[in-house]
Amino acid sequence: MLAKLAGESRLAFKKHALVRMYQREILANEVREALLKGEIVETYPSDKPLPSFLVLGYTSQKRPLHVVVALDTEEEMGWIITVYQPSSKEWEEGFRVRRRRV
């Protein structure tokens, strides 16, 4: 569903996401690229007002991105909550599993 929304440009960026993207030098196009072939690595079904997901995807330049997306199934819209480039300090190789804190 997320890839479909990204392909149809049915994504909206929350203000927080835009601020973080600017700070982290991530373009909206890169977010769309990452979502087109991304995979859900964590789910947050109890998030309010909408359930959300952490998606791992790669840009056309092979840059890994984590995108938190809230999914509005009624409006068929994906709300981009935040975006960042995952760190190997916090994530296992492949950026799909969080490292355990000791």
Under 1.5 on a/c is rounded, so check that first for the range 12-69, then, if it is not, pick prolate when a/b is larger than b/c and oblate when it is not; a ≥ b ≥ c are the square roots of the alpha carbon gyration tensor eigenvalues. oblate
For VAL19 and SER87, extending 7 Å from Cα along the Cα-Cβ vector and measuring point to point gives, in nm, a value of 1.9 nm
Likely footprinting exposure, GLU92, GLU33, fewest C-beta neighbours within 10 Å first: GLU92, GLU33
Under the Karplus relation 6.51 cos²θ - 1.76 cosθ + 1.60, θ = phi - 60°, what is the ordered set of whole-Hz ³J(HN,Hα) values for the range 71-82, x standing for Gly and Pro? 9, 9, 6, 5, 8, 6, 9, x, 9, 7, 8, 7
Highest-first arrangement of 6-13, 94-101, where packing means the average Cβ count within 10 Å: 6-13, 94-101
Any idea what angle helix 15-24 forms with the longest principal axis of the chain, computed on alpha-carbon atoms, 0 to 90 degrees, nearest 10? 40 degrees
In percent, what relative contact order does the chain have, based on Cα pairs under 8 Å that are 6 or more apart in sequence? 27 percent
Please order LYS62, LYS14, LYS37 by the number of other Cβ within 10 Å, starting at the fewest. LYS62, LYS37, LYS14
Highest GNM mean-square fluctuation among VAL68, VAL83, VAL19, for the chain with Cα springs under 10 Å, belongs to VAL19
Summed side-chain charge close to ASP72 - residues other than ASP72 whose Cβ falls under 13 Å, Lys, Arg +1, Asp, Glu -1: -1
Lys, Arg +1 and Asp, Glu -1 on Cβ, resulting dipole of the chain about Cα centre, debye, nearest 20: 480 debye
Set the bar at 20 Å for Cα to Cα. Now go through LYS37/LYS62; LYS15/LYS89; LYS14/LYS62 and name every pair that lies beyond it. LYS15/LYS89; LYS14/LYS62
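Here, each number is a calculation from the coordinates, and none is a lab measurement. A quick note: this is a predicted structure, and the numbers were derived from the prediction, not measured. Cβ coordinates were reconstructed from backbone atoms using ideal geometry, including for glycine residues, and neighbour counts include every protein chain displayed.
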